[in-house]
Amino acid sequence: MPSSDLAGAAVLVTRPAHQAEGLCRRIEEAGGRPVRFPVVEIAPPADPDAAASVVDRLGDCAIALFVSANAVERGLALIRERLGALPEGLRLAAVGRATARALEAELGRPPDLVPEGRFDSEGLLALPALHEVTGRRIAIFRGEGGRELLARTLTERGAHVDYAEVYRRRRPEADVEALLRTWETEGIDAVTVTSNEGLENLIALLGTRGLEYLRRTPLVAMSRRTAELAAERGITAPVRVAPEASDAGIVAALCEGRMGKAEGR
């Protein structure tokens, strides 16, 4: 990637603080300047005993399905704490590439089931192995709340589904005034958001004044659902969807959109 692709652009990075470094590094390598402003914080679940109960019965499951890298990190830690290791014969599924990479990094092998082409819940559900689940027990490792599509569809196909909610997301404390001063004096040339919740939190944190800046700043989203939400929230600037759900995909979308630093700043 040429070092001038982002041409000094200031890019707002809204990933959780502990997950932002890889994206910030890629933005810098592409010639941009990351502006860190985490809008989601990862915290322990409100009811850790509920997730522990699911893990204790994991030996009865045919598949453990992980929806995010956070689910991998927190879920495997809980499995090791409660069981020592994964039960023999348990198949592992990952919603997307980042989640699959997290599993492989933790376990030294790729998951058994990963979507082909479309890296989301719909892509995972399209796999033949998840059509043949009648009578099987499946554990879904995720954060509290979120989409119900996976559990609903697998239940309709005859599976017994349990949620292991191993973390919760919350809106962090943030120095919004400092960000707004940066936006006003130096400019933000592009915004990145990686989830619907992240976009909603960003809008809430920015308030009325900041929302006006956001509405006219080009945005890169991780998914089509988030891009659609941006339109619903009145964002009129161009919105691009990353070609894949990864840091590399986000930077590719930024570069493709030619989101270099605006002239006159």
* Quick one: in segment 70-95, of everything that is in contact with a Pro (Cβ under 7 Å, 6 or more places away or on another chain) and among the small types (Gly, Ala, Ser), which residue is surrounded by the fewest Cβ atoms within 10 Å (Cβ to Cβ)? => Ala93
* **Tally of residues being under 15 Å from the mean Cα position of the chain (by Cα) and in a helix (DSSP H, G or I) across segment 54-70** => 2
* **Subset of segment 22-53 (residues that are part of a helix (DSSP H, G or I) and either within 17 Å of Met222 (Cβ to Cβ) or in contact with a helix residue (DSSP H, G or I) (Cβ under 7 Å, 6 or more places away or on another chain) (or both))** => Gly22, Leu23, Cys24, Arg26, Ile27, Ala51, Ala52
* To do: Would you confirm whether any residue within segment 49-63 is among the aliphatic types (A, V, I, L, M), surrounded by fewer than 23 Cβ atoms within 10 Å (Cβ to Cβ) and without any contact (Cβ under 8 Å) to a residue 24 or more places away in the chain?
  => no
* Do you know which of the residues in segment 197-255 that are among the small types (Gly, Ala, Ser) and outside any helix (DSSP H, G or I) is surrounded by the most Cβ atoms within 10 Å (Cβ to Cβ)? -> Ala221
* Identity of the residue in segment 173-196, among the charged types (D, E, K, R) and not in a helix (DSSP H, G or I), that ends up nearest to the chain's Cα centre (by Cα) -> Glu173
* **Residues being touching a residue at least 12 places away in the same chain (Cβ under 8 Å), acidic (Asp, Glu) and over 24 Å from Gly143 (Cα atoms) - total across segment 23-41** => 1
* **Ala190 out of contact with any helix residue (DSSP H, G or I) (no Cβ under 8 Å at 6 or more places or on another chain), at pLDDT 95 or above and farther than 18 Å from Asn70 by Cβ** => no
* With the condition kept exactly as written, say whether any residue in segment 114-122 is in a helix (DSSP H, G or I), crowded, with 16+ Cβ neighbours inside 10 Å and either in the same structural domain as Val251 (by TED's automatic domain parsing) or modelled with pLDDT under 95 (or both). => yes
* Given the structure, is Val166 of a type outside the set (S, T, N, Q), without any contact (Cβ under 8 Å) to a residue 40 or more places away in the chain and closer than 29 Å to Ala139 by Cα? -> no
* To do: For residues that are buried (at least 21 other Cβ atoms within 10 Å of the Cβ) and in a loop (DSSP other than H, G, I, E, B), tally how many sit in segment 96-108.
  => 1
* Asked: Restricting attention to segment 186-195, does a residue exist that is in contact (Cβ under 8 Å) with a residue 40 or more places away in the chain and surrounded by fewer than 20 Cβ atoms within 10 Å (Cβ to Cβ)?
  -> yes
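The values are calculated or read from the model by the stated rules, or taken from the named source; none is laboratory data. Keep in mind that what you see is a predicted model, and the values were worked out from it rather than measured. So basically every Cβ, Gly included, is an ideal-geometry build from the backbone, and we count neighbours across all protein chains shown.
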